[in-house]
Amino acid sequence: MRDIEMGVTTHYASYDVLARIRAALGEMGHDPDRISPDVLKPVDEFHIGGAEATAALLEKLDIRPDMEVLDIGSGVGGPARMIAGRYGCRVTGVDLTPHFVETARAPSAMCGLADRVRFEVGSVALPLPDASYDLALLLHVGMNVPDKAALFREARRVLRDGGTFAVYEVMQTGDGDLAFPVPWAETPELSALETPQTYRAKAQAAGFALEAEENRREVALDFFSRLQAQAASGASPPLGLHNLMGPTVKEKVANMIAAVRAGTIAPIEMIFSTVRH
């Protein structure tokens with residue numbers, strides 16, 4: 001596990017993300033130290049569908065201002081800032097990559113949300129107390145975590161009875177080999193795709209009950225079509241996911257899109273409730 005964690009950290013920390021974001025904001029005419037959270041949406045929602053997918057998932061959850069929310073694998077903090085800004089609750093983000101945590105903290109201060117969001121470095125063994133959160137999210141993280149059982153056990157440990165675990169993951173939905181690189185892995189050794197059946201089984205074993213599930217493949221294909229049309233219309237905008245994925249961004253995205261179209265993988269939403277201990 002440790003070797004995989006080191007490889008994942010290296011994969012995501014290979015590019016000076018914060019400097020790239022600040023430079024792009026300046027190029028766009030923004031003051032990097034005083035911005036609206038919406039300005040960051042092209043770069044801080046690192047999953048299929050971006051901010052649209054996050055909003056669609058959040059609308060299915062009963063989020064209240066008094067809730068404590070946890071984003072497991074929080075990246076550069078986009079979903080955490082969206083939740084804090086829209087719902088007024090306090091959000092904690094935990095990510096394996098120290099550079100992502102540093103990057104997440106800076107834009108939160110730029111947006112005036114530093115008092116409602118905090119970010120910590122952590123792995124599958126979450127550095128958080130038992131029964132301390134009402135809602136946890138997992139957005140495109142499990143593809144880098146081989147031990148899904150530990151992931152669900154830790155999520156259950158930190159959630160209170162009556163809590164919710166919202167999962168939005170790329171999962172293995174068909175036969176066929178995945179071409180690399182992809183956004184979450186340069187090589188097969190860093191990829192830990194599993195089937196929806198595995199996610200359900202590990203969740204149930206950890207003390208969760210499945211409340212809702214949706215295959216978002218068709219929504220993803222529509223999103224990809226719009227991305228490709230935008231790319232064909234001219235040069236890439238200064239701020240975008242290329243700031244996170246480096247020089248192989250085109251290969252990574254093309255391989256992922258091809259696999260979704262082939263039915264090999266798909267983004268799947270699952271919403272779980274905690275079973276009382």
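Of note:
- One residue stands out in the range 81-139 among those that are of a type in the set (A, V, I, L, M) and part of a helix (DSSP H, G or I): the one that is nearest to SER36 (Cα to Cα), namely MET110.
- Qualifying residue in the range 2-9 (condition: under 15 Å from the mean Cα position of the chain (by Cα), under 24 Å from LEU128 (Cβ atoms), modelled with pLDDT under 85 and aliphatic (A, V, I, L, M)): yes
- Scanning the range 76-109 for residues being modelled with pLDDT under 90 and either among the β-branched types (Val, Ile, Thr) or touching a strand residue (DSSP E or B) at 6+ places or on another chain (Cβ under 9 Å) (or both) gives a total of 8.
- Identity of the residue in the range 19-37, among the small types (Gly, Ala, Ser) and over 22 Å from the mean Cα position of the chain (by Cα), that ends up surrounded by the fewest Cβ atoms within 10 Å (Cβ to Cβ): GLY29
Residues checked against (1) crowded, with 20+ Cβ neighbours inside 10 Å; (2) at pLDDT 95 or above; (3) part of a strand (DSSP E or B):
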| position | (1), (2), (3) |
| --- | --- |
| ASP161 | no, yes, yes |
| GLU189 | no, no, no |
| ALA212 | no, yes, yes |
| SER225 | no, no, no |
| ALA231 | no, no, no |
| PRO247 | no, no, no |
| LYS250 | no, no, no |
| MET270 | yes, yes, yes |
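- Tally of residues being surrounded by 18 or more Cβ atoms within 10 Å (Cβ to Cβ) and under 24 Å from LEU159 (Cα atoms) across the range 47-57: 4
The values are calculated or read from the model by the stated rules, or taken from the named source; none is laboratory data. All values derive from a computational prediction rather than experimental measurement. Cβ: placed from backbone, ideal geometry, glycine included. Neighbour counts: every protein chain shown.
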